[in-house]
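K.L.:
Got a structure for you, written out below as structure tokens; questions coming shortly.
The values are calculated or read from the model by the stated rules, or taken from the named source; none is laboratory data. The structure presented is a predicted model; accordingly, all values stated were derived computationally and were not measured. So basically every Cβ, Gly included, is an ideal-geometry build from the backbone, and we count neighbours across all protein chains shown. The protein model used for the area step is the full one, side chains on, heavy atoms only, and it has no ligands, DNA or RNA in it. Shrake-Rupley method; radii C 1.70, N 1.55, O 1.52, S 1.80 Å.
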Amino acid sequence: MGRLPVAVALGALFNPLNSSMIAIALARIETEFRVGVVAVTWLAAGFYLTAVAVPPLMGALADRFGPRRVFCGGLVMVGLTGALAALAPSYPVLVVARLLQAFGSCATLPAGMAIITATAEKGRPAPRVIALISMVLTASAAAGPVLAGFLVSLWGWRAIFLVNVPLAAVALVPALRWLPKVAPVRRRQAWLPRPKPALLATYGVFAMVNVVFYLAFLMVPLWAQRSAGLPPHLAGLLVLPMAVSAVLMTPVAVAVAARVGMRVVLLVSAGLLLTGSCVMFFVGPVGVVLVITSLIGLASAFSQFGLNSLVFVHADRNETGLAVGLFQASRYIGAATAASITGVLYAPETMAPSGWVMVTASTLILLAGFIIPVETSDEESCQKS
């Protein structure tokens, strides 16, 4: 596969990792700063809302000024904001540091995929490369609460921010050594996306997928700590099946796509999401929670690979950074929606209110799976040629 995809994957993991680690720390941060559940969930929602606007900007900057420069600059910013957040003396300072962290972590994926696309032989990343990136994104998001659980239990909530400093330094070394310089796109269109219905549909479905995904792993740790009385490290372990499922099932998603087509991948994902959402109504025993997180993890492996692949099917090669940035933004439209819903619908004894939202979104995703374009149209092919 080569060193280039590995370097990109290492840099890309910071955004989903930091988007999910916060789930475990919210209870401790609320206690220390005495800001209330609704206010503290904005540490998650603020990050997600920032991540809606920033990735397209970073993608456009990568296309215009060179993706290698944007990629490495993002890693430096991740390290600096991690230190700032860990040292925050007040809640407002922590919020500001958290928002700046979103800027840095949002730069690496669109810039990295622009490099991969520019150096690909056929102008489109190979399925195994998309699978690697998808697996890292889904697994790091799901593994975030697990890592955060141990960090918070051992050293407090500030450790989830401080850990970014050494991790960013480690990721920066291969980035500087292995990422080639890619010539910027000297065209006005690099700043503006071309309105393509197929791309817009892909972004919309991915946003709904992440409403379901983030509702599950934001709600589960909160429920585990506040209702089931579990310590942070055990609450984090409840979402571990998401990461394990994502790692194990992504190669299966690649094989399914090669054998029976991408539409089947999307429909399998939707079916798994809907099943996991229905189980939310039966939460109580810890075993039921593990079933939910396992099903959501399986679904995420299929949806992340399938929808990520469609971006490169329908996007113009010269606008890869912007297209991937918009795809990443759609993730956080869903995530921000989920964080806001978590603050409003959280109930001490049941996850049923969130379950209704998840079932509704999953049903829409299933319907979309039957109609979303999965191949490049003749018109688009002519435009690209």
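K.L.:
If you build a Gaussian network model of the chain, linking Cα atoms that sit under 10 Å apart, which residue out of Leu17, Leu273, Leu167 swings the most?
P.N.:
Highest fluctuation of the listed residues: Leu167.
K.L.:
Between Leu154 and Leu176, take the C-beta separation as r, use R0 = 25 Å, and let me know the FRET efficiency to the nearest 0.05.
P.N.:
0.20
K.L.:
A further question on this structure: Under the 0.36 nm per residue contour assumption, what length would be gained going from the current alpha-carbon distance of Ala126 and Phe370 to full extension?
P.N.:
My answer for the length gained is 85.4 nm.
K.L.:
So, one more: In the chain, which helices (entire DSSP H runs) extend 20 Å or more along their own long axis, judged by Cα positions, while averaging at least 0.0 on the Kyte-Doolittle scale?
P.N.:
Result, helices passing both filters: 14-33, 42-65, 67-86, 91-105, 127-155, 164-178, 197-226, 240-260, 262-279, 286-314, 320-345, 352-371.
K.L.:
How high is the relative contact order of the chain, in percent, with contacts defined as C-alpha pairs under 8 Å that are six or more residues apart?
P.N.:
Computed over the chain, the figure is 28 percent.
K.L.:
Mind checking the dipole of the chain: about its Cα centre, +1 per Lys or Arg Cβ, -1 per Asp or Glu Cβ, Debye to the nearest 20?
P.N.:
My answer is approximately 940 debye.
K.L.:
Taking 37 °C and 0.692 mPa s as the conditions, I'd like the Stokes-Einstein D for the range 34-139 in µm²/s, using the Kirkwood hydrodynamic radius from alpha carbon pairs.
P.N.:
It comes out at roughly 217 µm²/s.
K.L.:
With point charges of +1 on the Cβ of Lys and Arg and -1 on the Cβ of Asp and Glu, referenced to the Cα centre of the range 85-200, which listed residue (Gly156, Ala111, Val96) lies farthest in the positive direction of the dipole?
P.N.:
The Cα lying farthest towards the positive end belongs to Ala111.
K.L.:
Per DSSP helix of 4 or more residues, -39500 (n - 2.57); summed, then divided by the residues of the chain. What does that give at 222 nm, rounded to the nearest 500?
P.N.:
Rounded to the nearest 500, the figure is -27000 deg cm²/dmol.
K.L.:
Treat the range 252-385 as a sphere of radius equal to its Kirkwood radius over Cα pairs and apply Stokes-Einstein at 4 °C in a medium of 1.567 mPa s; give the translational diffusion coefficient in µm²/s, rounded to a whole number.
P.N.:
Once the numbers are plugged in, D ends up at 79 µm²/s.
K.L.:
Evaluate the Debye formula for the chain with equal point scatterers sitting on the alpha carbons, no solvent, and hand back log10 of I(q)/I(0) at q = 0.10, 0.14 Å⁻¹, in q order, two decimals.
P.N.:
Values returned for q = 0.10, 0.14 Å⁻¹ are -0.57, -1.15.
K.L.:
Need one value: the accessible area of Thr31 in square angstrom, 1.4 angstrom probe, rounded to the nearest 10.
P.N.:
Solvent-accessible area, nearest 10 Å²: 100 Å².
K.L.:
Here is a follow-up. Considering every pair of different Cα atoms, what Kirkwood radius, in Å, is found for the range 166-308?
P.N.:
Kirkwood radius, the range 166-308: 17.6 Å.
K.L.:
Quantify, in whole percent, the carbon and sulfur part of the accessible surface of the chain (1.4 Å probe; protein heavy atoms only).
P.N.:
The nonpolar share, carbon plus sulfur, comes to 70 percent.
K.L.:
Let me ask another. Calculate the translational D of the range 275-315 in whole µm² s⁻¹ from Stokes-Einstein, where the hydrodynamic radius comes from the Kirkwood formula applied to all Cα pairs, the temperature is 10 °C and the viscosity 1.306 mPa s.
P.N.:
138
K.L.:
Along the principal axes of its C-alpha atoms, what lengths does the range 86-206 span, in descending order and rounded to whole Å?
P.N.:
In descending order, the Cα extents are 48, 30, 28 Å.
K.L.:
First select every other residue whose beta carbon is under 14 angstrom from the beta carbon of Pro55; then total the charges, Lys and Arg +1, Asp and Glu -1.
P.N.:
After counting each charged neighbour, the total is -1.
K.L.:
Please list 219-230, 64-75 highest first by mean number of surrounding beta-carbon atoms within 10 Å per residue.
P.N.:
In decreasing order of mean packing, 219-230, 64-75 become 64-75, 219-230.
K.L.:
Let me ask something else about it. Taking 0.36 nm per intervening residue step and subtracting the Cα-Cα distance, what contour gain separates Leu234 from Val260 on full extension?
P.N.:
Taking Leu234 through Val260 to full extension adds about 5.4 nm, to one decimal.
K.L.:
Give the accessible surface of the chain per residue, rounded to a whole number of Å², with probe radius 1.4 Å and ligands, DNA and RNA excluded.
P.N.:
38
K.L.:
So what is the orientation-averaged projected area of the range 39-85, using the convex hull of its C-alpha atoms, in nm²?
P.N.:
3.6
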